[in-house]
1. Looking only at the range 141-156, which residues are surrounded by fewer than 17 Cβ atoms within 10 Å (Cβ to Cβ) and farther than 22 Å from residue 93 by Cα?
2. Only one of these conditions is not met by residue 124: (1) in contact with a strand residue (DSSP E or B) (Cβ under 8 Å, 6 or more places away or on another chain); (2) in contact (Cβ under 8 Å) with a residue 40 or more places away in the chain; (3) not in a loop (DSSP other than H, G, I, E, B). Which number is it?
3. From (1) touching a helix residue (DSSP H, G or I) at 6+ places or on another chain (Cβ under 9 Å); (2) in contact (Cβ under 8 Å) with a residue 60 or more places away in the chain; (3) surrounded by fewer than 16 Cβ atoms within 10 Å (Cβ to Cβ); (4) over 20 Å from residue 75 (Cβ atoms), pick out the condition that doesn't hold for residue 187.
4. For the range 20-37, how many residues meet the condition of being modelled with pLDDT of 70 or more and either part of a strand (DSSP E or B) or closer than 15 Å to residue 87 by Cβ (or both)?
5. Examine the range 204-227 for a residue that is touching a residue at least 24 places away in the same chain (Cβ under 8 Å), more than 17 Å from residue 79 (Cα to Cα), in contact with a helix residue (DSSP H, G or I) (Cβ under 9 Å, 6 or more places away or on another chain) and not in a helix (DSSP H, G or I), and state whether such a residue exists.
6. Those residues that are surrounded by fewer than 22 Cβ atoms within 10 Å (Cβ to Cβ) and in a strand (DSSP E or B), I need them from the range 157-177; list them, please.
7. Quick check on this structure: which one of 200, 136 is out of contact with any strand residue (DSSP E or B) (no Cβ under 9 Å at 6 or more places or on another chain), closer than 26 Å to residue 72 by Cβ and surrounded by 15 or more Cβ atoms within 10 Å (Cβ to Cβ)?
8. Provide a single number: the residues in the range 101-130 that are under 28 Å from residue 197 (Cα atoms) and surrounded by fewer than 24 Cβ atoms within 10 Å (Cβ to Cβ).
């Protein structure tokens, strides 16, 4: 398991330069959002105020704009979305999360893709009292943290044709979830279906990406709404 994980990291590390080419700065905003691109983060802030906040960690070596399609839709539903620019969020885990001071709230939804999902799992476990829910997109979990013994709402997205994570890696990640976790299988989706980059997707995404990303955004919003309604 550990050897396989290191091999995945090694392959992706070789592609870092290529990954940096995806996405460009998108400062300013839109009619409904103020968008701030800083050195360490990107922030989508609803102009009419946020009813919740979502901290998101990137997949390995991905650019901060890679997931804009999904995250913009989430933000437009009234959720402040903070995207850490750390390209190796679990491998180079930052003990201090700047979003907590920047947003100054009591509760946060925390999520991420691939290695970012592993970082999100750790952040949620280390900050259980301030975590409203955990949102994991095909997570790669190489740390020892688990939600199995924690009362944290969670939603877990799995790509049907994941050519990056082995079945062992996927089963390992799933085993870290609690019994109330909501599992979503994305039909016709590969590991890289969540963002603009198709790096290492290996042809796994055979369905229209825009359609998949719209589905993911819709289910994330529904998950957040459900958690907020219960609290």
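1. The answer is 149, 151.
2. Unmet for residue 124, out of (1) in contact with a strand residue (DSSP E or B) (Cβ under 8 Å, 6 or more places away or on another chain); (2) in contact (Cβ under 8 Å) with a residue 40 or more places away in the chain; (3) not in a loop (DSSP other than H, G, I, E, B): (2).
3. The one condition residue 187 does not meet is (2).
4. The initial filter retains those residues of the range 20-37 that are modelled with pLDDT of 70 or more, namely 29-37.
Next, only the ones that are either part of a strand (DSSP E or B) or closer than 15 Å to residue 87 by Cβ (or both) stay: 29, 33-37.
Adding up the residues that qualify gives 6.
5. yes
6. Scanning the range 157-177 gives a single hit, 158.
7. On the way: 136 fails: out of contact with any strand residue (DSSP E or B) (no Cβ under 9 Å at 6 or more places or on another chain).
Every option except 200 fails the conditions.
8. Quick first cut of the range 101-130, residues under 28 Å from residue 197 (Cα atoms) only: 108-124.
Okay, now just the ones that are also surrounded by fewer than 24 Cβ atoms within 10 Å (Cβ to Cβ), so 108, 122.
Within the range 101-130, residues that are under 28 Å from residue 197 (Cα atoms) and surrounded by fewer than 24 Cβ atoms within 10 Å (Cβ to Cβ) number 2.
The values are calculated or read from the model by the stated rules, or taken from the named source; none is laboratory data. This is a predicted model, so every value here is computed, not measured. Because the Cβ atoms are built from the backbone with ideal geometry, glycine has one as well, and the counts that use them run over all protein chains shown.
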